[in-house]
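Some notes on the structure that comes next.
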Amino acid sequence: MTIGFKQCDLYSKAFATDGRSKEAKEAVNRLVSALDRFRANAEVLAEDVARTIPSLTDHSIHHLDALWTTASQIVGEEAVLNPLEAFVLGGAFLIHDLGNAICAYPNRMDDLAGNQWDDLMVKNLTLSLARRPTKKEISRPPNEVKDLVVLQRLRQEHANACVALATKGIHEIDGTYIPLIEDREISEQLGRLIGEIAASHHWSIEEVASKLDRYYSLTGMPLDWRVDALRIALILRCSDACQVDRRRAPPLRQAVLKPEAESRKHWIAQQRLNLPTVRRGSGVLEFRSNQPFTVDERESWQIAFDLVAKNAQKELVHSNELLKREGRREFAVRGIAGSESVAQFSRYVETEGWIPVDVSVQITDVANVVDRFGGQALYGENTSTPIRELIANAADAIRARRNVTTGGRGPSEGKIVVSLVEDGRGWVLEVVDDGIGMSQQVMTGPLLDFGRSFWTSDLALQEHPGLLASDFSPTGKFGIGFFSIFMIAESVSVTSYRYDRSQSEAVTIELEKGQLTPLLRRSTAREICPVGGTRISARLGEDPWTERGIVGKTSITSRENALASLVASIAPTIDVDIHVQVEGRKPVEAVVADDWIELSFPQLWSRLSDGRGGAMKATIPNSVRFDRNDRCLGRIAFHEPDYSTKCAVTVGGLMAGWLEGACTGVLLGTTELMSRDSAIPLVDGGLLADELKKLEDAESNLFDRPAVHFSAMMR
């Protein structure tokens, strides 16, 4: 009996034998036979996808077959593939999702382990627990978290498994392989190409263009049967993106697999979509719902919109643009009906009892948002706040570089330089670090995405595997600190490149207050950090040495020392060296990494108070140092009444607030506040009170003061 997909135009025309020579007919029959055996082998693996990840919508042989009919719609009736192209396309259809089966990996679960596994485990446990997990929790995660990590790792790796599956097959226990492509000559000559085309559905469109813009042939086949690898890859890409209808989510299969709640939303989204049709002569693929989405199904409707109107539309547009640019014939289908807006899409994919609205958040006026949310409303009127946020970002970059290069266990390498320079247009603040640096993708993505932190993004997991699971704990968590620079600056430029890449990859982004479109350009030699890292240059709106400036009026005569004192008070317990520089003169040391642990109390108090806290006697006999696991968590002293009774709390080495009470000094802390203007000490409150009581009892003149209480206040 003829299998249904073989009757579609794309397949039937490609493998038709009418009018061909005897040799060509034999070649066609050989390819059809090889593809049939290939399909039978792939069917066995495809069933293992459901066993491995039951929450996924259908990835069985039915999905792989259905790609032929979707591809026929996309390329159009007039498009014809030669038999060799059809074989390669059919093979890519069969292989492209088989990496979602655990049996596709020689060492099974062991092949999913490593840095990426650890990163995802930490990320998902952090989301589940609302805190960073302990090592015990990471090693013994709940089953639902482990299953989620398995799913995410397979989604990461499944495309990477394609080449091995096409060229080798399935790994046996005895070390041998069972080939999926049984025709050895075809496997040897075309296996890698089939695997690469299959894998390319997870590449960027730019990668497809650069890696697959070439032609292939097969020994013994007619010379005019050349494989246009680029066109075949784009057919696969668009077919896979558009094959998201009810064929992918059969109700009976859902009843058997019983996907959990979140996955069920995806099943419903696709169950409600009928097979798409092509508007004749319009170049538009039209999806319609077979029944309306109810109020309770509105999240599923949004998923359907994202799958069809966003993702499928994007792939069709980008693929046709690439075909046109490279001189190939464009597809008959060029877009999705209703993709212009949720309102238009809801005309085809209907709802009942509710009206879809576009709820995506866009920052169209960054300056206004910073002023109202990320500026004074969030940070107050403290003009040093932007410096604190830039230092925090720079320190995170240095800590990240330590962890990816030495596991965070090496010496405190890394340095931040804060400088002020005047040119013909006014004053410029620069903060330069030799940290991990940013790729162009990061600079044009998470950096400019207000409210999104790079460190917890999927892009961070891709670019720096193992970082999230290391001891690295970023101070910046909310993705808004960088934008605080517009509190004091009229324009900002950011220059960066990754520490492990060439200087030729350095790019600069320029942003102006009130300007919606940033400028991206290649960096100049002066802007580039010699060993990787980031340079941020901000043109200030006020003279930094005036009352409204970032340094302000000060009794310190040397501008270098005044800036150094300010920076040290902003980052009193930081684990990174910070130097300051004014007008290109010799840099001055503001902070040495972790030097606060050994400073005398008068020196420590002077740093914490930016030199404005008054004198403190040279020796303080009664003091306490809190240590845990070879880490100093704070230093406090009980002192005479005429001195300040405030104790600083820092987060990530940066000043976060003050505690009122009968002690002075500094405690390391933690905070979940975006403004970081108060914090909870890491030292247990009971332990802190006990130690203060001991100090109080040891004093000859007891003070009429309460024990420390934890009400924070910013200076």
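Since every read-out is calculated from the coordinates, none of them should be taken as a lab result. Quick caveat: nothing in here was measured; it's all calculated off a predicted structure. All Cβ positions, glycine included, derive from the backbone under ideal geometry; neighbour counts span all protein chains shown.
Given the pairs Lys123/Lys258; Lys310/Lys513; Lys168/Lys314, which span a C-alpha to C-alpha distance of over 28 angstrom in this model?
The answer is Lys310/Lys513; Lys168/Lys314.
For segment 223-238, in order, what is each residue's ³J(HN,Hα) by Karplus, 6.51 cos²θ - 1.76 cosθ + 1.60 with θ = phi - 60°, in whole Hz (x at glycine and Pro)?
For segment 223-238, the Karplus curve yields 5, 7, 8, 8, 9, 7, 4, 5, 5, 4, 5, 6, 4, 4, 4, 6 Hz.
Starting from the coordinates of the alpha-carbon atoms of segment 185-339, obtain the Kirkwood hydrodynamic radius over all distinct pairs and give the value in Å to one decimal.
17.4 Å
Using a Förster distance of 60 Å, how high is the FRET efficiency between Lys6 and Arg140, based on the Cβ-Cβ distance and rounded to 0.05?
My answer for the efficiency is 0.75.
Glu413 to Asp147: FRET efficiency via 1/(1 + (r/R0)^6), r the Cβ-Cβ distance, R0 30 Å, to the nearest 0.05?
0.15
Under a cut-off of 14 Å between alpha-carbon atoms, report the aspartates and glutamates in cross-link reach of Lys211, not counting same-chain residues fewer than 8 places apart.
Straight-distance partners of Lys211: Glu196, Asp228, Glu326.
If only Cα atoms are counted, what is the Rg of segment 482-545, and what is its Dmax, in Å?
For segment 482-545, the Cα-based Rg and Dmax read 12.8, 38 Å.
Quote the FRET efficiency, to the nearest 0.05, computed for Thr524 versus Thr546 with a Förster distance R0 of 30 Å and r equal to the Cβ-Cβ distance.
FRET efficiency, Thr524 to Thr546: 0.50.
Distance in nm between label sites at Ser558 and Glu47, each 7 Å beyond Cα in the beta-carbon direction?
Each label point lies 7 Å from its Cα, and together they span 8.0 nm.
For a protection proxy built on the mean count of beta-carbon atoms within 10 angstrom, sort 482-491, 528-537, 255-264, 92-101 highest first, please.
Final packing ranking: 92-101, 482-491, 528-537, 255-264.
So what are the ³J(HN,Hα) numbers for segment 69-77, from phi and the Karplus equation (6.51, -1.76, 1.60; θ = phi - 60°), rounded to whole Hz, Gly and Pro as x?
Residue by residue, segment 69-77 yields 5, 5, 4, 4, 5, 5, 6, x, 5 Hz.
Distance between the C-alpha centers of segment 335-355 and segment 150-168? Whole Å please.
Cα centroid to Cα centroid, the span is 35 Å.
Taking every DSSP beta bridge with both residues inside the chain, roughly what % is antiparallel (nearest 5)?
85 percent
With θ set to phi - 60° and the Karplus curve 6.51 cos²θ - 1.76 cosθ + 1.60, what are the ³J(HN,Hα) couplings of segment 79-88 in order, to the nearest whole Hz, using x for Gly and Pro?
7, 9, 9, 7, x, 5, 4, 5, 5, 5
Given the chain, what whole percent of its Cα pairs are spread farther than 34 Å?
Here the tail beyond 34 Å accounts for 58 percent of pairs.
Calculated from DSSP H runs of 4 or more alone, at -39500 (n - 2.57) each and per residue, what is the 222 nm mean residue ellipticity of the chain, nearest 500?
-11000 deg cm²/dmol
Sorting check: for 548-555, 130-137, 267-274, which peptide has the highest mean count of neighbouring beta carbons within 10 Å, and how do the rest follow?
Packing order, densest peptide first, comes out as 267-274, 548-555, 130-137.
Grab the alpha carbons of segment 377-591, take their convex hull, and tell me the volume per residue in Å³.
Cα-based convex hull of segment 377-591, divided per residue, equals 125 Å³.
Relative contact order for the chain: what percent, with Cα pairs under 8 Å and sequence separation of 6 or more?
Answer for the chain is 8 percent.
So what's the convex hull volume per residue for the Cα atoms of segment 7-87, in Å³?
About 87 Å³ per residue, rounded to a whole number.
Rounded to the nearest whole Å³, what is the per residue volume of the convex hull around the Cα atoms of segment 238-330?
Measuring per residue, one finds 107 Å³ for the Cα hull of segment 238-330.
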